[in-house]
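Let me begin by presenting the structure, written as structure tokens, before commenting on it.
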Amino acid sequence: MAAAHISLVTERSSTTRIIDKIYIDGAFVTPHGEERAPLFNPATEDKIGEVRLGDTDDVNLAVAAARRAFPAMARSAPAERADMLRRLHNAVSARADEMFDAMVEEYGAPSRFTRISVLHAAALFEDMAKTAETYAFRRIVGRAEVSMEPLGVVAAIIPWNSTFGFIASKVATAIAAGSTVVVKPSEMSAIQTQIMAEAIHAAGLPKGVINIVNGYGSVVGTALSTHPDIAKITFTGSTMTGRTILTAAAETFSA
């Protein structure tokens, strides 16, 4: 499936961008949450947009979609997962110029750094495709046969910097392992997240394999950390936030 722009998702004027959709179950949908957060250009401090944030209900819908998609994903062969990853590589590569511009405008990075970052993000999917094809999911260790099995629904919580790279690395790893994923990006990087979500949609993966919910850490992050159907959390951020996530997630451990 070719990369496509989703005109229903992002409305643009000469000064602002309104992002009022999240990505759940293979579709761009209006969040249940109604709170909005401003987006700024860090170089000029001008307001450049606004994002509508998800809430706990949106997290529940995203996790449910990922859980429905998990059995088929878990049964998929490594070659099928590699194909998904290469489709993601192609879809992200097709949006590279827009990703360059978005990183400069919303993140404030110099153009040389943004080009390296975007190319790295796309390459992560190709690299992980090769890993999926060559990794020994079953191996003999001593006299035991060890089988590496998909775990379940993964929650990926990422910081505001290097949005493309963090989404790519965490999503690519989950897919290679045969898991499904719910991404909680930073609300401050919503323009970058939107372009990545559109690229993911264009890759045409099965519904529910990848879901993205914008929102505050105290709302969406907490809901993911405490959700009983989340099998694993991958987090990049501060030590303090990591401790909070660990403490919250501990309450859902099962015997």
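The values are calculated or read from the model by the stated rules, or taken from the named source; none is laboratory data. The structure presented is a predicted model; accordingly, all values stated were derived computationally and were not measured. A quick note on method: Cβ atoms are made from the backbone with ideal geometry, for glycine too, and the neighbour counts reach across all protein chains shown. Heavy atoms of the whole protein, side chains included, go into the accessibility calculation; ligands, DNA and RNA do not. Shrake-Rupley method; radii C 1.70, N 1.55, O 1.52, S 1.80 Å.
Matching residues to (1) closer than 30 Å to LYS47 by Cα; (2) in contact (Cβ under 8 Å) with a residue 60 or more places away in the chain; (3) aliphatic (A, V, I, L, M):
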position: VAL118; (1), (2), (3): yes, no, yes
position: ALA123; (1), (2), (3): no, no, yes
position: MET128; (1), (2), (3): no, no, yes
position: PRO150; (1), (2), (3): no, yes, no
position: PRO159; (1), (2), (3): yes, yes, no
position: ILE167; (1), (2), (3): yes, no, yes
position: LYS170; (1), (2), (3): yes, yes, no
position: THR173; (1), (2), (3): no, yes, no
position: GLY178; (1), (2), (3): no, yes, no
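In the set LYS170, LYS232, only one residue is at pLDDT 95 or above, of a type outside the set (Asp, Glu) and either farther than 22 Å from ALA65 by Cβ or open to solvent by 10 Å² or more (accessible area, probe 1.4 Å) (or both); that residue is LYS170.
Taking each residue of the stretch 195-215 that is of a type in the set (Lys, Arg) and looking for partners that are modelled with pLDDT of 95 or more and part of a helix (DSSP H, G or I) with beta-carbon atoms closer than 8 Å, six or more apart or interchain, yields LYS207/ALA65; LYS207/ALA69. Comparison of GLU105, GLU149, GLU80, GLU133 shows that the only residue that is in contact with a helix residue (DSSP H, G or I) (Cβ under 8 Å, 6 or more places away or on another chain) and under 27 Å from GLN194 (Cα atoms) is GLU105.
Residues that are within 16 Å of the chain's Cα centre (by Cα) and among the small types (Gly, Ala, Ser) were ranked within the stretch 23-63; the one that is nearest to ALA155 (Cα to Cα) is ALA62.
When residues in the stretch 63-117 are screened for being outside any helix (DSSP H, G or I) and modelled with pLDDT of 95 or more, 3 of them pass.
Among the numbered conditions (1) open to solvent by 90 Å² or more (accessible area, probe 1.4 Å); (2) among the β-branched types (Val, Ile, Thr); (3) within 20 Å of THR180 (Cα to Cα), the only one that VAL153 does not meet is (1). Restricting attention to the stretch 180-190, which residues are in contact with a Phe, Trp or Tyr (Cβ under 9 Å, 6 or more places away or on another chain) and either aliphatic (A, V, I, L, M) or surrounded by fewer than 23 Cβ atoms within 10 Å (Cβ to Cβ) (or both)? The answer is VAL183, SER186, MET188.
Scanning the stretch 202-226 for residues that are of a type outside the set (Gly, Ala, Ser) and open to solvent by 10 Å² or more (accessible area, probe 1.4 Å) returns LEU205, PRO206, LYS207, TYR216, VAL219, THR222, THR226.
Looking at this structure, is ASN60 within 19 Å of GLY26 (Cα to Cα), assigned to a helix (DSSP H, G or I) and open to solvent by 70 Å² or more (accessible area, probe 1.4 Å)? For ASN60, the condition - within 19 Å of GLY26 (Cα to Cα), assigned to a helix (DSSP H, G or I) and open to solvent by 70 Å² or more (accessible area, probe 1.4 Å) - is not met. Taken together, ALA155, ALA121 contain a single residue that is assigned to a strand (DSSP E or B), closer than 29 Å to ILE230 by Cβ and in contact with a Gly (Cβ under 9 Å, 6 or more places away or on another chain), which is ALA155. A residue that is modelled with pLDDT of 95 or more, under 17 Å from MET84 (Cα atoms) and either touching a strand residue (DSSP E or B) at 6+ places or on another chain (Cβ under 6 Å) or small (Gly, Ala, Ser) (or both) can be found somewhere in the stretch 181-196.
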